[in-house]
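For reference, the structure is listed below as structure tokens.
Each reported figure results from applying straightforward, stated rules to the coordinates on display, with no laboratory input. In this text, all values refer to a predicted model and were calculated from it rather than measured experimentally.
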């Protein structure tokens, strides 16, 4: 009985130790100071609407940002809310006062309206920045009709 109790106690202690998360020094220091993303990075826009796009035709949008902090800015990751969105981000630090970009690609395979989120993690910031893309995917037939209507409205001004 003692052996079972001792084993159970060891398992619980091991689980508690392995459940702890690692933070590097910069992240821990900035998290303690309450630094927010808008104090180190400024995006020209946080949302982009593609409007009506054709099914099966991938689209991209560039989100430009500026490092407004006093030190180089590192984007740790940019991950999307689904596999149909593929963000790319700078792998090198962005110098103080300089700009850079995150490119969001969207594979328009499913018909209908969409809204996707890209979570941008900045070194030293606890919460990720959220960028959003949206629009409506139309079938080839729907898109052709949309383009024809748009063209006739331009001609008829």
The distance between the Cα centres of region 33-104 and region 112-157, in whole Å, is 16 Å
Scattering profile of region 24-156 from the Debye formula, Cα beads only, expressed as log10 I(q)/I(0) at q = 0.16 Å⁻¹, is -0.81
